[in-house]
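The values are calculated or read from the model by the stated rules, or taken from the named source; none is laboratory data. Note that the coordinates shown come from a computational prediction; the quantities given were computed from them, not determined experimentally. FYI the Cβ positions are ideal-geometry reconstructions off the backbone, even for glycines, and counts take in every protein chain you see.
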Amino acid sequence: MTNTHISQTPENEALSAELSKLNAEFLELFTLHKDMVDEEPVIYSLYLNRLGCLVFELFGKKTEYSRLKMKMELIQSAINRNEKPDLHEIESKLNNQLSDYYKQIEENTGLLDEAKKVLTNLLPPEFVAELKEVFRVLCKKLHPDLNPDQPESDKELFLRVKAAYDLNDLPELKKILLFIDSSSETQPTEQTADVKRQRIEFLKKNIESLKEKIQQLSVTFPYNMKELIADDEKTAVEQEAIKNQISFYEKEIINYQAFIELMLS
């Protein structure tokens, strides 16, 4: 069946140019947002490796400091009552009161271990670059928002593309791309001016939505730490500040331990 010829008026050509520009912008934003979402675990792992480990250590020192301070107060309270401090009871009470903090410390240890695994198993940059490029080409050919008249088979194929990309399955993506290129014989149907206007409005809304998602993602943790952990000088300054706090609490812990020993003696 032949398609009805649509005259290429100046208005129609202008709409085609705008539609082409919006298609390219949507594709750029869609792949950028996808990359940001996929990159989040790596950024979080880098943060933990460079700063989070020190933050967790500081949390542990603060918890130990708080425990000794509370212990000293409980011992002093017993002494004020002219009673011999029951250290077993005091330790049990402190364990109960600080149980949530100890759970957090245990969870932090698990997060650090997981971060090491993520950073150890990073894919080679060349592989990642090729993976992203093939995914980008497939999105252009198969993304429903860029191909509104696609058959159901192409929609299902795009689901396979996203699954393969999430699994870093480059051979599968290449296989799909080869299949599309070999089976693509028909030219896209020329759209009327009204259809193009509808497509333009549709893409504009989706583009704004993607921009909002990207903006929101860029200012939330751990993305708001990306610039900091990428700057060695700024990271070093932050590390030194945390280390100074750790040193402060270590000294306070020693002081409290000595004072408690003095109280008990």
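Scanning the stretch 98-121 for residues that are surrounded by 11 or more Cβ atoms within 10 Å (Cβ to Cβ) and outside any helix (DSSP H, G or I) yields a count of 1. Residues considered: 142, 119, 131, 167. Of these, the only one that is over 30 Å from residue 63 (Cα atoms) and either touching a residue at least 40 places away in the same chain (Cβ under 8 Å) or aromatic (Phe, Trp, Tyr) (or both) is 131. Here the stretch 215-264 is the region considered, the condition is being assigned to a helix (DSSP H, G or I) and among the β-branched types (Val, Ile, Thr), and the residue that is farthest from residue 36 (Cα to Cα) is 260. Can we say residue 154 is under 30 Å from residue 203 (Cβ atoms), surrounded by fewer than 15 Cβ atoms within 10 Å (Cβ to Cβ) and either modelled with pLDDT under 95 or β-branched (Val, Ile, Thr) (or both)? Taking the combined requirement at face value, the residue does not satisfy it. Scanning the stretch 35-67 for residues being surrounded by 18 or more Cβ atoms within 10 Å (Cβ to Cβ) and without any contact (Cβ under 8 Å) to a residue 12 or more places away in the chain gives a total of 0.
Here residue 39 passes the criteria (1) at pLDDT 95 or above; (2) closer than 30 Å to residue 225 by Cα; (3) not β-branched (Val, Ile, Thr) except the one numbered (1). Scanning the stretch 173-187 turns up at least one residue that is within 24 Å of residue 26 (Cβ to Cβ), hydroxyl-bearing (Ser, Thr, Tyr) and not in a helix (DSSP H, G or I). Selection of the stretch 18-34 for residues being more than 15 Å from residue 143 (Cβ to Cβ) and touching a residue at least 12 places away in the same chain (Cβ under 8 Å) yields only 18.
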